[in-house]
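Below is one structure, written out as C-alpha cells; the observations come after it.
Derivation of every value follows stated rules applied to the coordinates shown; laboratory data play no part. For clarity, every value in this text was computed on a predicted model and none was experimentally measured. Every residue, glycine among them, receives a Cβ derived from its backbone with ideal geometry; neighbour counts consider all protein chains shown.
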C-alpha cells in the first residue's frame with residue numbers, strides 16, 4: 001500500500017518504520033520538508049518525505065498521528081481524499097477539535113474518505129514491537145467503514161500485532177479513546193511503565 005503518515009512523532013515514526021519493513025510505500029507528510037528532523041526514518045528505501053498535500057495525493061491510506069485538535073485544519077491541507085482510507089490514531093483525552101468530539105468525527109464529517117479509529121490504544125514502544133515473547137499484543141478499532149477496518153486489520157498484522165478486534169461503529173470511537181486512557185492510566189499514572197499492553201483471551 002501507499003501510506004501517507006501525517007505526524008512523524010513517536011507513533012507516526014514507529015508505524016512508518018514497521019510498515020516500511022513490511023514492504024509498504026511510506027510517504028511522510030510534513031509542513032516543511034526543509035525542516036524535517038526524522039532522517040532516520042528515511043534509511044528504509046520504501047520511505048520518503050513530502051508536503052502534506054503531496055503525500056496525501058499519492059497515497060491510498062492516510063494515518064493521522066497528530067494532535068487531535070488540528071483535525072479540522074488537516075482536512076483543509078489534505079485536499080481531495082474521496083475514496084481514500086483515513087486511520088485516526090489520535091486521542092482527544094486532553095484536547096479535541098473545536099467543533100467535534102474527536103478527530104475521527106471531524107474526518108468523518110468533513111471528508112468523503114473511509115475513516116477508522118485504530119492504533120490509539122497503546123504506546124509507541126508497542127507499535128515498534130508488540131511481540132512479548134510468549135504472546136503478541138492485540139489492537140482494537142471502531143468506525144462504520146468495513147473497507148477501512150479491513151485495511152486497519154491488515155496494517156495491524158503487518159506491524160506485528162496478533163489480532164485487531166472490532167469495537168463497533170462510529171458510536172464506539174469515544175469508548176475506544178477511553179480504552180486508550182486506561183492504558184495511559186496504568187502505564188503512566190499508576191507507574192506500571194510503558195512496556196505493558198492489552199491482550200484479549202478466550203476460554
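A few points about this structure:
- Where residue 148 falls short, out of the listed (1) assigned to a loop (DSSP other than H, G, I, E, B); (2) under 13 Å from the mean Cα position of the chain (by Cα); (3) surrounded by fewer than 24 Cβ atoms within 10 Å (Cβ to Cβ): (1)
- Residues in the range 124-138 include none that are more than 15 Å from the chain's Cα centre (by Cα), in a helix (DSSP H, G or I), without any contact (Cβ under 8 Å) to a residue 24 or more places away in the chain and on the phi < 0 side of the Ramachandran plot.
- Qualifying positions in the range 25-50 - closer than 20 Å to residue 125 by Cα, in contact with a strand residue (DSSP E or B) (Cβ under 6 Å, 6 or more places away or on another chain) and outside any strand (DSSP E or B): 41
- Hits in the range 92-113 - residues which are within 16 Å of the chain's Cα centre (by Cα) and touching a residue at least 60 places away in the same chain (Cβ under 8 Å): 92, 93, 102, 104, 105, 108
- Of note, residue 22 does not satisfy the criterion of being within 16 Å of residue 110 (Cα to Cα) and either surrounded by 15 or more Cβ atoms within 10 Å (Cβ to Cβ) or in contact with a helix residue (DSSP H, G or I) (Cβ under 9 Å, 6 or more places away or on another chain) (or both).
- Total residues in the range 154-190, condition on the phi > 0 side of the Ramachandran plot and buried (at least 17 other Cβ atoms within 10 Å of the Cβ): 1
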